[in-house]
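Quick note: the coordinates plus some simple rules give every number you see, no bench work behind them. Predicted, not measured: the structure shown is a model, and the values here were computed from it. Glycine also receives a Cβ, built like all others from the backbone with ideal geometry; neighbour counts cover every protein chain displayed.
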Amino acid sequence: MLIDNHGRKINYLRLAVTDRCNLRCFYCMPEDGLNWLSRKELMSYEEMLQSCALLVKMGIQKIRITGGEPFVRKDIMTLLSSISQLDGLQDLSITTNGVLTAPYVPELKKIGVRSVNLSLDTLDANRFFAITRRDEFANVMAGLDALLQHDMEVKINAVVMDGKNTQDIIPLVEMTKDLPVSVRFIEEMPFNGDGHVYTGLQWDYVRILDEIKTKYPQIQKLTDPAYSTSYNYQIPGHKGTIGIIAAYSRTFCGTCNRIRITPQGELKTCLYDDGGLNIKDLMRAGTSDDDLQTVLLNAFGNRAKDGWEAEKLRVIHPGLHESMASIGG
Ligand code: SAM
């Protein structure tokens, strides 16, 4: 079992397989996209699989594939299928914007993916275009439909942004009436690749809950599962649930069980740290698995206490300006 220097269990890896995306959400990246990584800078599938195998051997039990948009990377199912066969891995899941997802759902299910996080900030096609700068709303909804048709566990992630989609909070909550989905509202973070000026957090988790209570004062608190990043709720009689993720307020660091690997192979032991340990570079320099394990254990033993401390300790990129797509959101 992996335990960090603050006594927290580490058993969850988020692996970003690309920085590229087929949407241009203004809160994540500039309209022109990012300075995309070249093929050489990206981790290869072999390197990703080797890292996952080692980390699973060390104690990682759950892997989530993210990006960028995972489905824009060629032959992504080959990687997913290999990862799903790792001995000791208990859970493989994926975070997607849903645009290309629908045709992959049967195969995802076949390899054992049971849960998918789908990003959807609005139920209005015009606002979707304004936020994502792409006309893909119908495809995302088709992706959602396919997931539900195949009885996948679906969590819908919606970033709450002042002046952009706060009118969507109640309609998104209302999806839980008849659909067995978990709708999770996320505080906006500054990680926007300088796509727009971050003016500070306007809608924190308390304000989001207050907004829901204006229409649903009877909303009930649920017991949060272990390691949950969301405060969880349900409206009596509704099939689905509601979560609120204090991603900027960072209230859940005390039980954080996750690490990340960015598309270029940087290990992050906190979303707010600036990496520094590049696993891909070490592998390409011929580092053995035993030596890699030693380096990884050292990193786990030097984890920041919380996202505030990690932010303060940043030296490579002092501001929180990189895109979530290049971090592995
Ligand atoms: N392309 C996939 C998707 O859209 O779900 C996976 C990558 S995306 C970077 C992962 C999650 O990060 C999405 O739910 C997205 O909304 C969220 N995200 C991106 N930028 C964010 C920001 N500045 N603040 C909060 N969440 C953000």
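Quick one: what are the phi-derived ³J(HN,Hα) couplings along segment 249-256, Karplus 6.51/-1.76/1.60 with θ = phi - 60°, whole Hz, x for glycine and proline?
Karplus values, whole Hz, x for Gly and Pro: 5, 6, 8, 10, 4, x, 10, 5.
With both partners inside the chain, how many of the DSSP beta bridges are antiparallel, as a percent to the nearest 5? Write out the running numbers ahead of the final one.
Details: 13 of 45 bridges.
Within the chain, antiparallel bridges account for around 30 percent of the total.
Enumerate the helices in the chain for which the Kyte-Doolittle hydropathy averages -0.5 or more and the C-alpha atoms extend at least 15 Å along the helix's axis, using complete DSSP H runs. Can you show the working numbers first?
Numbers: long enough: 45-58 (19 Å, 0.51); 137-149 (18 Å, 1.14); 205-215 (16 Å, -0.39); 289-300 (16 Å, 0.17).
Result, helices passing both filters: 45-58, 137-149, 205-215, 289-300.
Quick check: net charge around GLN149, other residues with Cβ under 15 Å of its Cβ, Lys/Arg +1 and Asp/Glu -1?
Values: positive: LYS109, LYS110, ARG114; negative: GLU107, ASP145, ASP151, GLU153, ASP178.
Once positives and negatives cancel, what remains is -2.
How much length is gained if the chain between ASN298 and LYS221 is pulled fully straight, taking 0.36 nm per residue apart and subtracting their Cα-Cα distance, in nm to one decimal?
Numbers: separation 77, 0.36 × 77 = 27.72 nm, distance 3.84 nm.
So the chain would gain 23.9 nm between ASN298 and LYS221.
So for segment 176-329, if I pair up every lysine 8 or more residues apart or on another chain, how many of those pairs have alpha-carbons under 19 Å apart?
Within segment 176-329, the lysine pair count is 11.
Quick check for me: using +1 on Lys/Arg Cβ and -1 on Asp/Glu Cβ, what's the dipole size of segment 219-329 about its Cα centre, in debye to the nearest 20?
So the magnitude is around 440 debye.
Among THR262, THR223, THR176, THR255, which comes first, second and so on when ranked by fewest other beta-carbon atoms within 10 Å?
The fewest-first ordering by Cβ neighbours comes to THR223, THR255, THR176, THR262.
Sort SER44, SER51 by Cβ crowding within 10 Å, fewest neighbours at the top. Present the calculation step by step, with values, prior to reporting the outcome.
Working: SER44 15, SER51 24.
With the sparsest Cβ surroundings first, the list reads SER44, SER51.
To the nearest 20 debye, what charge dipole does the chain have about its Cα centre, counting +1 at the Cβ of each Lys and Arg and -1 at the Cβ of each Asp and Glu?
Values: 37 positive and 41 negative charges, 101 e Å.
So the magnitude is around 480 debye.
Order these peptides, 305-312, 93-100, 158-165, by their mean beta-carbon neighbour count within 10 angstrom, highest first.
Values: 305-312: 16.5, 93-100: 22.5, 158-165: 19.0.
My ranking of the peptides, most packed first, is 93-100, 158-165, 305-312.
Within segment 70-86, which residues have the backbone N less than 12 Å from the label spot 7 Å out from GLU107 along Cα→beta-carbon, could you tell me?
Within reach of a label on GLU107: 71-82.
If packing is taken as the average count of other Cβ atoms within 10 Å, what order do 13-25, 283-295 fall into, highest mean first?
Working: 13-25: 22.6, 283-295: 12.8.
Highest to lowest by the protection proxy: 13-25, 283-295.
Under 15 Å between alpha carbons, and skipping anything fewer than 8 positions from LYS74 in its own chain: which aspartates and glutamates qualify?
Qualifying aspartates and glutamates at Cα under 15 Å: ASP19, GLU46.
Taking 0.36 nm per residue of separation and subtracting the Cα-Cα distance, what length does fully extending ASP124 through ARG284 add?
Values: separation 160, 0.36 × 160 = 57.60 nm, distance 4.63 nm.
Computed gain between ASP124 and ARG284 is 53.0 nm.
What full-extension length gain, to one decimal in nm, is calculated for HIS6 and THR251 as 0.36 nm per residue of separation minus the Cα-Cα distance? It would help to have the intermediate numbers written out before the result.
Values: separation 245, 0.36 × 245 = 88.20 nm, distance 1.57 nm.
Stretched out fully, the HIS6 to THR251 stretch lengthens by 86.6 nm.
Can you tell me the mean projection area, over all orientations, of the convex hull of the chain's alpha carbons? Units nm², please. It would help to have the intermediate numbers written out before the result.
On the way: hull surface 62.2 nm².
That works out to 15.6 nm².
Considering only DSSP states other than H, G, I, E and B, which GluC sites (Glu not before Pro) in segment 25-74 qualify as loop sites with at most 16 other Cβ atoms within 10 Å?
Details: sites: GLU31, GLU41, GLU46, GLU47; in loops: GLU31, GLU41.
Answer by residue number: GLU31, GLU41.
Take the alpha carbon atoms of segment 96-148, find their center, do the same for segment 198-242, and report the distance between the two centers in whole angstrom.
About 22 Å separates the Cα centre of segment 96-148 from the one of segment 198-242.
Among GLY328, GLY286, GLY7, whose Cα sits farthest toward the positive end of the charge dipole of the chain (+1 at Cβ of Lys/Arg, -1 at Cβ of Asp/Glu, about the Cα centre)?
The residue sitting most towards the positive pole is GLY7.
Restricting to DSSP H runs of at least four residues, report the calculated mean residue ellipticity at 222 nm for the chain, -39500 (n - 2.57) per run over all residues, nearest 500 deg cm²/dmol. Mind showing how you got there, number by number?
Details: 11 runs with 95 residues, N = 329.
So the helix-based figure for the chain works out to -8000 deg cm²/dmol.
For the chain, just give the cysteines left without a disulfide-compatible partner, judged by no other Cys Cβ under 4.7 Å.
Isolated Cys, the chain: CYS21, CYS52, CYS253, CYS256, CYS270.
Lys/Arg Cβ at +1, Asp/Glu Cβ at -1, dipole of the chain taken about the Cα centre: which of SER81, TYR248, ALA138 is farthest positive-ward?
Positive-most Cα among the choices belongs to SER81.
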